[in-house]
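A short write-up of the structure that comes next.
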Amino acid sequence: MVKVVLLVRMISFTVLFISIALGILAHQKSPRRWLRFFLIYMGFEAFYSVSFTFVFYSHVYLSDQPSSPSMVFILFQIITSAAVVYFAPRFLLELTGTLGGGRAGGAAKRAELRRTHIALLVLPVLLTLLTLLAQLPNTFQPLTIFAERYNRFISAFFYLYLFVFFFLTFFRRQRIPSSRWSREIVVFIAGAALFHFLWVVDVAFLNIQLDQQGPLRGILLTNALYEIFWGVIVAIPAVAEIGTQGSVISAEDIPGEFIREYKISTREKEILPLMCDGMSSRDIAEALFISPRTVENHIRNIYRKCGVKRRLELVKLIGRY
């Protein structure tokens with residue numbers, strides 16, 4: 001059973017790395033700010049999976065070797081774990097537009113964003129360090145004893161922290177921009193929420209073992225299955241993005257009747273296909289070499305002229321012509 005789990009875990013992080021490569025190609029073709037953070041989050045998760053697998057392998061096969069290199073990978077886990085619990089919420093907040101505004105929001109908005117970033121970073125770093133402290137040498141004896149005694153519940157809180165973000169984002173999914181990625185991203189968020197909830201229950205209460213003779217915890221297998229699910233979900237829209245030409249709706253594809261009826265200006269005609277492709281105001285601004293505030297003004301004018309409030313409604317409206 002150990003060999004089966006190791007094989008599945010190796011397949012899982014391989015799938016993640018392949019999907020990351022596809023996602024990078026898709027991002028280069030159609031840049032999206034949320035996708036950039038999503039791929040960073042995915043990359044750290046893949047590296048964490050590699051280190052986690054090696055630590056598990058060393059515990060099973062190299063435990064009799066005092067110079068086992070697993071300690072290096074445990075330290076590497078601290079870095080990748082901290083990155084995962086920072087970039088996962090960061091991606092979700094970028095996806096729903098919670099961190100939108102950027103430089104266009106003024107000094108007060110920038111200060112608020114800095115406070116949000118710090119809040120996202122401080123707790124996960126402390127939590128991750130404490131979670132893995134039990135596996136380090138007894139340098140800080142009181143903290144090590146505490147971590148050893150409550151390690152399961154600290155780990156459960158680690159998963160609970162991420163579950164809350166995924167769960168809340170799923171119920172705010174109407175704020176996710178409409179694009180080729182929309183359906184798969186919603187499915188991923190729902191799956192991520194479900195898996196993280198199951199891990200909270202398993203780690204805190206059940207502690208499922210696949211093999212009573214050894215340290216083969218159920219989470220080793222479910223985590224690998226989650227990563228395979230994640231990789232496949234990302235690969236589908238990434239391949240579609242790479243294999244198609246231009247946006248979901250190009251400027252040439254916007255019907256002349258729609259342009260005339262709603263009095264769409266030349267600049268608004270340039271912005272429309274980028275909006276329909278799910279690009280944020282900041283991404284559109286970078287693509288057209290104008291300010292994010294100018295883009296937001298144009299978007300408001302488009303919504304006002306067309307009598308819609310969301311991008312999905314706008315796409316459906318254009319599709320009627």
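No lab work stands behind these numbers, since they all come straight from the coordinates. For clarity, every value in this text was computed on a predicted model and none was experimentally measured. Ideal geometry is used to build each Cβ from the backbone, glycine not excepted, and the neighbour counts take in all protein chains shown.
Data table
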{"item": "Cβ charges +1 (Lys, Arg) and -1 (Asp, Glu), total dipole of region 251-319, debye", "result": "420 debye"}
{"item": "Footprinting exposure proxy for 42, 1 (fewest neighbouring C-beta atoms within 10 Å first)", "result": "1, 42"}
{"item": "Length gained when the stretch residue 206-residue 29 is fully extended (0.36 nm per residue, less Cα-Cα span)", "result": "59.2 nm"}
{"item": "Order of 181, 230 under a 10 Å beta carbon neighbour criterion, fewest first", "result": "230, 181"}
{"item": "Neighbourhood net charge (12 Å Cβ-Cβ; Lys/Arg +1, Asp/Glu -1) for residue 235", "result": "-2"}
{"item": "Extended-chain gain in nm, criterion 0.36 nm per residue less alpha-carbon gap, residue 262 and residue 291", "result": "8.0 nm"}
{"item": "For residue 281, net neighbour charge (Lys/Arg +1, Asp/Glu -1) across residues whose Cβ lies under 11 Å away", "result": "+1"}
{"item": "Relative packing of peptides 302-308, 89-95 - highest average C-beta neighbours within 10 Å first", "result": "89-95, 302-308"}
